1. Rank by packing, highest mean first: peptides 318-324, 183-189, 302-308, 206-212, with packing defined as the count of other Cβ atoms within 10 Å averaged across residues.
2. When a/c is below 1.5 the answer is rounded, else prolate if a/b is larger than b/c, else oblate, so apply that to region 47-93 with a ≥ b ≥ c taken from the square roots of the Cα gyration tensor eigenvalues.
3. At 7 Å along Cα-to-Cβ for each site, give me the label-to-label distance between residue 250 and residue 416 in nm.
4. Arranged from highest to lowest average of other beta-carbon atoms within 10 Å per residue, in what order do the peptides 272-283, 398-409 appear?
5. So how compact is region 95-219: Cα radius of gyration and Dmax in angstrom?
6. Round to the nearest 0.05 the FRET efficiency obtained for residue 334 and residue 181 when R0 = 51 Å and r is the Cβ-Cβ distance.
7. First obtain the Kirkwood hydrodynamic radius of region 29-177 from its Cα pairs, then insert it into the Stokes-Einstein equation at 10 °C and 1.306 mPa s, and state the resulting D in µm² per second as a whole number.
8. Quote the FRET efficiency, to the nearest 0.05, computed for residue 479 versus residue 349 with a Förster distance R0 of 22 Å and r equal to the Cβ-Cβ distance.
């Protein structure tokens, strides 16, 4: 299996500028991965949400973080997961994993996050009726702010995800503190031990949502060519951001359950509804504080979208420069900025297209949020059915490579962790792609809500089919770039020396 990098990939990564320190990496990851917009969607399942979140924290997040703390600090290089899958299973597999992961982000930004931001503005800041001219303008501006942040040089643009990560911690911390004050003053929802009992229905409903929320801590590797000390900073950033993120899911979910009946919590306005409820303890100051919280929430959503655009666009651009996605055009990194401007613009276009489709076909912000969330979950989770096995194979395939961080134990134990994570992802992927198929086996019913099963599954499968075709066509169109390659990557996937001559194949 050839592991040769293309000459174009070598030349384009030469434009990168090392500007990310440990602090930047931690908050870049937290800004992207800590999905506070999904908290309300999960809390709608009631007390067992807390139980399943805790279970997945121990039996998925911990092994997953260990796997990628080792893999991410050992096999560094701009492109991250694309390079791992390519090295483990070949360039076509890398191309498929990359496009599944990348496509999730513009779809999520345009089809869900823009809707959630607009709904927050309409409910708490100023009138912005769904479908109005102002609503369209706001959502389009929201999308292109995230794109602009990805286009700017990372040295200048990193302030937005950093600010978003800090604001998330402040936002959730103040909400939790206020909930405690509210509980002391007004009491809480009556919850018993049986409310926290896990059920099969809860597992099938929550697994995709929670996995979607926990995944992505290794995404910072997509920009590892721009890190000052990736071998040391990546394991530390994964450990710290993973711990903080787990707490930032568990505690707000519990707080929401204590304040609001589960039946009233939804993914569009649930978290802000809970904040509005508990802020009543501040009396006359409650309204301006709620307004400020809503403004923070919108900024957080924009920073999260920007963080994902920054990381996922770099991975896909590297795939293009490596001849795995339509060749040269999308693989170019602008010399002065060190960013993949053409790919950034493609992401903005895809995001805007999904915004238009969601506005036309769903009929409402809540429906759009649910439908696009399901599409985003399915594409993102499916990419890990390749990424996780690639990490395990690299442990076996390159046993002698120096590992700045190594998971304690044998290769067999490392493989066990990989299998455990893979099975969780397999469950979540199946439920996301084929909703309502497992429940009947356990005598359960599945509620498709306002959108029919045919529409939900048709949109998901249709999107996946388009992506597979796009991956195949993109790979075929990249053959000219692949024809000019250089010597195989070094063991750690670091930059290839400039003086290596191209080798024609």
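1. 318-324, 302-308, 206-212, 183-189
2. Prolate is the answer for region 47-93, as a/c is 1.5 or above and a/b outweighs b/c.
3. In this crude label model, residue 250 to residue 416 measures out at 2.3 nm.
4. Numbers: 272-283: 19.2, 398-409: 13.3.
With the highest mean Cβ count within 10 Å placed first, the list reads 272-283, 398-409.
5. 19.1, 55
6. On the way: r = 50 Å, r/R0 = 0.97.
After rounding to 0.05, the efficiency reads 0.55.
7. Diffusion coefficient, whole number: 86 µm²/s.
8. Computed FRET efficiency for residue 479 and residue 349 comes out at 0.35.
Every read-out reported here was derived from the displayed coordinates using simple, explicitly stated rules and does not represent laboratory data. If you're wondering where the values come from, they're calculated on a predicted model, not measured in any experiment. Glycine also receives a Cβ, built like all others from the backbone with ideal geometry; neighbour counts cover every protein chain displayed.
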